[in-house]
Amino acid sequence: MGLWDKLKGEFIDIIDWTDSTNDTIIYKFPRFQNEIKMGAQLTVRESQVAVFMNEGKIADVFQPGMYALSTQNMPILSTLKGWKFGFNSPFKADVFFVSTKQFINQKWGTKNPIMLRDAEFGPVRLRAFGSYAFKVSDAALFLKEIAGTDSEFTVDEVNEQLRNIAVSRGMDALAESKILVLDLSSNTDEVSKIITDKIKPEFNEIGLNLTKFLIENVSLPPEVEAALDKRSSMGIIGNLGAYTQFQAANAMEEAAKNPAGGMMGAGLGAGMGMGMMGQMGNAFQNQQFNGGTGQNTPPPPPIVQFFVAVNGAQTGPFSIQQLQAMAVSGQFNRQSLVWKQGMTSWLAAEAQPELADVFSAVPPPPPPIG
């Protein structure tokens, strides 16, 4: 091989890049110490652009196509080199291929719960996650602002920053949207558009275009979800008073199957059920009286409650309704010893004026047979 052939071997005459990966954004053509031959063949494939950098400055950007490098199709680089008369000497330049395809299915998510103020529940903590897609829209700007002189720049190197933008700006947009927490699932398309409009300008500032932003899930803390489940159960039950009566009737029916010790439990269950119905009824009446606002509601009268001595043991306290149910079941009578706050000692139930009506519904003993 002659000297001229050896020198020609040091010149690059074919420049191209075939991407064998799915995550490379920028690839620097390995020129090393070789010089690019004037008239070299440059091939830029679809979904690529080629950026020529001379002495640290971005010169020409080539769109997809095939080029024979010359001073005619390298206007900026030719100006920088001062080839006024088309001098065909080799030249040195860094060549960066930039992928312009979409990088899809990039994951985002909140590392910690985000605090938001909901119009219905007040302050709530939310977690959210989903995916997004982006592409390079301005190769020269992205190379200058983000990649620099990195010879092989991948998605992972920029994904953390993009995720942070998506989460921080996205959650701000979600809070500003004023969409109720319970309505988020049915408005994911609308929320996604709001977040996209919010964060797209910041992607554009670094030469990227946000092409898709999807919300896959928005979740509440487990304890809040458990409370919502209870609330849903109450809504399914409907009339709580009727439900309590139904439960009390079931308890008495089950107790009747166990005569040895079930009637006392049935009486207590029925009495407690009736007491709950009375208290809930009072609460509903107070709410309706004020149009459901709860403002300027007069305090309800204090509930009279008695303790009852059963086999030498203190039980209760029981409301008047509970004692009436116990009297019907035979677990409470006029001679039962009772005590309430303010009394100095235990006295028979018949001596208490408040209990006069308790025994009015109790039928007298049946007449003797024969």
Filter segment 142-197 for residues that are β-branched (Val, Ile, Thr) and in contact with a Lys or Arg (Cβ under 9 Å, 6 or more places away or on another chain); which is farthest from residue 25 (Cα to Cα)? 195
Only one of 180, 174 is over 20 Å from residue 213 (Cα atoms), under 24 Å from the mean Cα position of the chain (by Cα) and among the hydrophobic types (A, V, I, L, M, F, W, C). Can you tell me which? 180
Only one of (1) farther than 17 Å from residue 136 by Cβ; (2) touching a Ser or Thr at 6+ places or on another chain (Cβ under 9 Å); (3) of a type outside the set (Gly, Ala, Ser); (4) outside any loop (DSSP other than H, G, I, E, B) is not met by residue 72, so which one is it? (4)
Going residue by residue through segment 170-184, is there one that turns out to be among the acidic types (Asp, Glu), under 30 Å from residue 17 (Cβ atoms) and in contact with a helix residue (DSSP H, G or I) (Cβ under 9 Å, 6 or more places away or on another chain)? no
Taking the residues in segment 21-51 that are in a strand (DSSP E or B) and touching a Lys or Arg at 6+ places or on another chain (Cβ under 9 Å) as candidates, determine which candidate is nearest to residue 101 (Cα to Cα). 48
Pairs where the first residue, in segment 155-184, is polar (S, T, N, Q) and the second is in a helix (DSSP H, G or I) and surrounded by 15 or more Cβ atoms within 10 Å (Cβ to Cβ), C-beta under 6 Å, 6+ apart: 177/194
Could you run through segment 59-78 and say how many residues are closer than 16 Å to residue 44 by Cβ and within 52 Å of the chain's Cα centre (by Cα)? 11
Quick check: is even one residue across segment 137-148 touching a strand residue (DSSP E or B) at 6+ places or on another chain (Cβ under 9 Å), of a type in the set (Lys, Arg) and farther than 30 Å from residue 17 by Cβ? no
In segment 144-158, how many are surrounded by 18 or more Cβ atoms within 10 Å (Cβ to Cβ) and part of a helix (DSSP H, G or I)? 3
Determine the pairs where a residue that is aromatic (Phe, Trp, Tyr), located within segment 57-84, has a partner that is outside any strand (DSSP E or B) with Cβ atoms under 7 Å apart, the partner being 6 or more residues away or on another chain. 67/73; 83/71
When you look at residue 134, is it touching a residue at least 24 places away in the same chain (Cβ under 8 Å), aromatic (Phe, Trp, Tyr) and surrounded by fewer than 16 Cβ atoms within 10 Å (Cβ to Cβ), yes or no? no
At least 1 residues that are of a type in the set (Asp, Glu) and not assigned by TED's automatic domain parsing to the domain that holds residue 46 in each: list the strands (runs of 3 or more DSSP E) lying fully within segment 89-139 that qualify. 114-118
Failed criterion for residue 338 (all others in (1) at pLDDT below 80; (2) outside any loop (DSSP other than H, G, I, E, B) hold): (1)
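The values are calculated or read from the model by the stated rules, or taken from the named source; none is laboratory data. Everything numeric here is computed off the predicted structure, so don't read it as measured data. Cβ: placed from backbone, ideal geometry, glycine included. Neighbour counts: every protein chain shown.
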